[in-house]
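Here the structure comes first, spelled out in structure tokens, and everything after it is commentary.
The values are calculated or read from the model by the stated rules, or taken from the named source; none is laboratory data. Just so it is clear, the model here is predicted, and its values are computed rather than measured. A quick note on method: Cβ atoms are made from the backbone with ideal geometry, for glycine too, and the neighbour counts reach across all protein chains shown.
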Amino acid sequence: MNLILEKHALPDLLQSWRGNYDVYLPQKMERFSHFMPLTDNSVLVTHEPHNTRISPKALFLPMTEALVKFTRFGGYEDAQQVIQPRIIFAIRPCDAQAVQLLDTSFIQEAYTDPLWLERREKTITVGLGCHEPCQTGFCTTVGYGPFNKADLDVLLTDMGDAYLVETLSKAGEDCFQGLPCASDEFVEQALIVQRNAHDQMPVAFETENLKEKLEQNFNSDYWETVSQSCLGCGVCTFLCPTCFCFDIVDETQRRERVRNWDTCMFRTYSLEASGHNPRPSKVERTRQRLSHKFVYWLDQVNQIGCTGCGRCVRYCPVGLDIRAMLRQAQTLPFEVSHAG
Amino acid sequence: MQDNGHSPYTPIPMHVLHAYYESTDHSLKTVELSFDHAADSQAFFEAFNPGQFCLLSVAGKGESALGVASAAWEGNFVRFTAQKMGSVTTALHGLKAGDAIGMRGPLGNGFPLQDWKGKNLVIIGGGCAFSTLYALTKHIHHESHRDDYGKLTLVYGTRTSGLCMYKHDIAAWHENEDMEIHQAIDVPEDDWLHHVGYVPDVVRQVAPSPVNAVAVVCGPPIMTKFTLPALVELGFAPENIFTSLEKRMKCGIGKCGRCNLGPKYICKDGPVFSLAELNALPADL
């Protein structure tokens with residue numbers, strides 16, 4: 001269903017949801033924007049030319065959360081998390097796509113992560129398309145786009161004074177009840193905005209045969225070259241919407257077993273008790289990061305594990321650019337026979 | 001893994017039945033654990049297959065992945081042998097009978113026993129990695145399973161005789177006529193009646209026949225690295241050579257991302273892989 005939402009009516013609409021939902025939306029936090037709960041004084045930030053610094057994966061996989069409680073006599077019980085129904089407003093299509101990718105890891109027949117599942121089931125996502133795509137993003141290169149609809153209940157298109165509201169599920173429709181229908185002409189104009197945004201995005205690197213090239217050059221000097229300036233700070237993985245690795249540690253004073261975000265870019269990530277480390281230097285760790293996204297995800301679910309959000313490019317302290325790294329990978333030799 | 005309505009991250013309650021040193025230098029300790037709840041025990045043994053592992057949990061210290069060193073027929077308990085390495089295994093070494101402990105498992109795939117039926121088995125172990133091979137040997141050794149398999153050849157090497165685990169059983173197995181046992185130590189000792197040398201060399205010397213046989217290797221990485229080619233030289237096909245891998249693990253259920261070997265997770269897709277499978281994966285060990 002296509003509806004029109006006047007921008008001046010948005011604050012009241014957001015507040016009206018608060019009765020039944022926790023509402024999360026991008027708000028100003030220091031020099032950045034961040035998904036935070038809506039309060040009486042919240043100011044929505046949607047005019048930034050890029051998405052929030054920390055990806056909204058944090059709303060499904062918090063940076064830190066208790067998994068297990070230690071009981072008095074050496075026993076264990078599930079840590080209880082209170083998860084309210086919520087609406088995530090103005091999530092960007094790249095970030096919504098990333099959450100859907102992460103489902104393939106957290107929701108599996110053999111083992112499902114109960115906290116992930118509950119948060120997923122209780123969340124309605126209202127996406128905001130990128131009518132002015134950001135400079136560092138490359139969603140179209142990896143097969144998605146600035147108005148990608150994956151995993152959204154609603155997709156908004158910014159049309160100046162109003163949004164085109166495209167409802168994509170019953171739950172999404174219910175949130176926008178009572179709005180006037182958009183005219184065919186308005187929808188047509190929105191499609192032009194969407195197409196223009198898509199066409200503005202250059203091809204950042206070729207993806208054809210990229211998997212085979214990375215795979216076949218596992219022992220190449222290429223990895224040394226592209227990891228040379230890396231500091232190993234892990235910010236690329238920390239901010240990445242598809243990175244999901246976590247550590248599990250015991251917080252003795254809280255009597256809890258906690259999971260925290262972790263990163264394959266740290267030495268201790270794979271360090272074994274014997275002292276052996278399968279990935280002893282940033283060369284192997286960079287190889288793991290890129291191969292996971294552009295080789296292993298494809299092996300597992302036949303999708304690239306990167307949605308082109310551009311955060312790793314924007315926030316790398318030494319300006320390492322995954323797009324340039326992959327362009328360089330495209331110059332590596334490979335044998336076609338393997339691809340067949 | 002147990003499905004008791006709890007989160008897969010929450011350990012089930014266990015108690016220590018027996019705890020004893022396995023090696024003369026006290027670096028290896030064995031614990032036998034009993035289940036606090038009958039339902040947990042039932043769920044465990046319905047799922048258990050030799051070659052699987054569990055995460056043993058010490059509240060406040062963390063969890064450690066250890067291979068199961070007992071066969072289901074032995075009784076209503078689970079055995080593990082831990083080398084004292086980090087904070088969790090140090091805590092495990094401090095356990096005594098009656099102490100409470102948590103456990104998650106069984107985890108991983110275990111040995112493909114169905115596929116091995118009717119075949120000769122060559123079991124090659126080194127050091128404390130022998131634990132799951134001990135479980136395998138005990139499983140096969142049981143009268144209800146023994147006829148399913150052909151000839152059994154065991155090669156087990158340790159640095160010293162004192163580090164040899166499960167000494168009583170192994171001594172008894174030497175008397176057994178349907179089993180060929182080759183024990184080895186790295187350097188000569190007085191009164192040692194068996195092989196002296198590294199496991200790959202002993203395997204070459206023993207030269208088990210690859211005809212209708214599978215070989216399974218568990219040992220420290222350096223031993224495995226040199227034993228796999230020795231088996232290939234002897235004529236074993238990569239599809240008939242198996243090994244059990246280890247990497248640092250946290251969740252044990254393929255979520256935390258830590259133990260990946262290419263697109264596979266050692267905890268969920270392994271720990272047992274054939275050499276044919278490993279040859280198709282990146283050498284990221």
>> Which count do you get for residues in the range B:188-221 that are surrounded by 13 or more Cβ atoms within 10 Å (Cβ to Cβ), hydrophobic (A, V, I, L, M, F, W, C) and either within 14 Å of B:G125 (Cβ to Cβ) or at pLDDT below 95 (or both)?
In response: 10
> Can you tell me which residues in the range A:53-80 are part of a loop (DSSP other than H, G, I, E, B), of a type in the set (G, A, S) and more than 14 Å from chain B (Cβ to nearest Cβ)?
Replying inline: A:S55
> Does the range A:72-81 contain any residue that is closer than 25 Å to A:Q100 by Cα, at pLDDT 95 or above and not β-branched (V, I, T)?
Replying inline: no
> Just to be sure, is B:S70 part of a strand (DSSP E or B) and at pLDDT 95 or above?
Replying inline: no
> Any idea which residue in the range B:247-269 is surrounded by the fewest Cβ atoms within 10 Å (Cβ to Cβ), counting only those that are touching a Leu at 6+ places or on another chain (Cβ under 9 Å) and closer than 14 Å to A:P278 by Cβ?
Replying inline: B:R248
> Are there any helices (runs of 4 or more DSSP H) wholly within the range A:263-332 with 2 or more residues that are polar (S, T, N, Q) and surrounded by 19 or more Cβ atoms within 10 Å (Cβ to Cβ), and if so which?
Replying inline: A:282-291
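Within the range B:227-237, can you find the residues that are in a helix (DSSP H, G or I) and surrounded by 16 or more Cβ atoms within 10 Å (Cβ to Cβ)? Give the derivation first.
At the first step, the residues of the range B:227-237 found to be in a helix (DSSP H, G or I) are B:227-233.
Listed by number, the residues that qualify are B:T227, B:L228, B:A230, B:L231.
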> Somewhere in the range B:261-283, is a residue part of a strand (DSSP E or B), in contact (Cβ under 8 Å) with a residue 24 or more places away in the chain and facing another protein chain (nearest Cβ under 10 Å)?
Replying inline: yes
> Which of the residues spanning the range B:109-123 are within 17 Å of the chain's Cα centre (by Cα) and not in a helix (DSSP H, G or I)?
Replying inline: B:N109, B:G110, B:F111, B:P112, B:L121, B:V122, B:I123
> Does B:S7 satisfy the criteria of being touching a Pro at 6+ places or on another chain (Cβ under 7 Å), among the small types (G, A, S) and surrounded by 22 or more Cβ atoms within 10 Å (Cβ to Cβ)?
Replying inline: no
>> If A:T242 satisfies all but one of (1) of a type in the set (S, T, Y); (2) over 30 Å from A:F147 (Cβ atoms); (3) touching a residue at least 12 places away in the same chain (Cβ under 8 Å), what's the number of the condition it fails?
In response: (2)
>> Given the criteria surrounded by 21 or more Cβ atoms within 10 Å (Cβ to Cβ) and over 29 Å from B:H142 (Cα atoms), does B:S57 qualify?
In response: yes
> Can you spot a residue in the range A:33-41 that is within 14 Å of another protein chain (Cβ to nearest Cβ) and in contact with a helix residue (DSSP H, G or I) (Cβ under 8 Å, 6 or more places away or on another chain)?
Replying inline: no
>> Cβ-Cβ under 6 Å, sequence separation 6+ or interchain: first residue in the range A:287-310 and more than 10 Å from every other protein chain (Cβ to nearest Cβ), partner part of a loop (DSSP other than H, G, I, E, B) and of a type in the set (A, V, I, L, M). Which pairs?
In response: A:I304/A:V142; A:C306/A:V142; A:G308/A:V142
> How many residues are under 18 Å from the mean Cα position of the chain (by Cα) and at the interface with chain B (Cβ under 7 Å from one of its Cβ atoms) when one looks only at the range A:238-263?
Replying inline: 3
>> Just the residues that are away from chain A (no Cβ under 14 Å) and closer than 21 Å to B:G5 by Cα, please, taken from the range B:40-52.
In response: B:S41, B:Q42, B:A43, B:F44, B:F45, B:E46, B:F48
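Which count do you get for residues in the range B:53-90 that are out of contact with any Phe, Trp or Tyr (no Cβ under 6 Å at 6 or more places or on another chain) and within 11 Å of another protein chain (Cβ to nearest Cβ)? Show your work before the answer.
If we filter the range B:53-90 for residues that are out of contact with any Phe, Trp or Tyr (no Cβ under 6 Å at 6 or more places or on another chain), which is where we start, we get B:53-58, B:60-64, B:68, B:70-71, B:73-90.
If we keep only those that are within 11 Å of another protein chain (Cβ to nearest Cβ) too, we end up with B:55, B:57-58, B:60-64, B:82-90.
So the count comes out to 17.
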> Going by the structure shown, is B:A135 in a helix (DSSP H, G or I), among the aliphatic types (A, V, I, L, M) and either in the same structural domain as B:E22 (by TED's automatic domain parsing) or surrounded by fewer than 18 Cβ atoms within 10 Å (Cβ to Cβ) (or both)?
Replying inline: no
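For every residue, the table says whether it meets (1) modelled with pLDDT of 95 or more; (2) over 28 Å from A:R314 (Cα atoms); (3) of a type in the set (A, V, I, L, M, F, W, C); (4) crowded, with 19+ Cβ neighbours inside 10 Å.
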| position | (1), (2), (3), (4) |
| --- | --- |
| A:V154 | yes, no, yes, yes |
| A:E185 | yes, yes, no, no |
| A:L191 | yes, yes, yes, no |
| A:L214 | yes, no, yes, yes |
| A:F218 | yes, no, yes, no |
| A:S227 | yes, no, no, yes |
> Taking interchain pairs and intrachain pairs at least six residues apart, which have beta carbon atoms under 9 angstrom, with the first residue in the range B:215-228 and among the aromatic types (F, W, Y) and the second surrounded by 24 or more Cβ atoms within 10 Å (Cβ to Cβ)?
Replying inline: B:F226/B:V199; B:F226/B:P200
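Just checking, which of A:M63, A:M29 is at pLDDT below 95 and assigned by TED's automatic domain parsing to the domain that holds A:Y163?
Numbers: A:M63 fails: at pLDDT below 95.
Every option except A:M29 fails the conditions.
Filter the range A:264-285 down to residues that are within 10 Å of chain B (Cβ to nearest Cβ) and polar (S, T, N, Q) and give me whichever is nearest to A:D103 (Cα to Cα).
Let us first name the residues in the range A:264-285 that are within 10 Å of chain B (Cβ to nearest Cβ), namely A:264, A:268-279, A:284.
If we keep only those that are polar (S, T, N, Q) as well, we get A:268, A:270, A:274, A:277.
Working: A:T268: 27, A:S270: 24, A:S274: 34, A:N277: 29 Å.
Residue satisfying both the conditions and the ranking: A:S270.
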>> Of everything in the range A:106-149, what is more than 13 Å from A:H198 (Cα to Cα), among the small types (G, A, S) and modelled with pLDDT of 95 or more? Give them in sequence order.
In response: A:G127
> What pairs can you find where one residue is in the range B:28-46 and at pLDDT 95 or above, the other is of a type in the set (A, V, I, L, M, F, W, C) and surrounded by fewer than 17 Cβ atoms within 10 Å (Cβ to Cβ), and their Cβ atoms are less than 6 Å apart, with a gap of 6+ or different chains?
Replying inline: B:E32/B:L17; B:S34/B:L17
>> Among (1) within 13 Å of chain A (Cβ to nearest Cβ); (2) at pLDDT 95 or above, there is one condition B:S244 misses while meeting the rest; what is its number?
In response: (1)
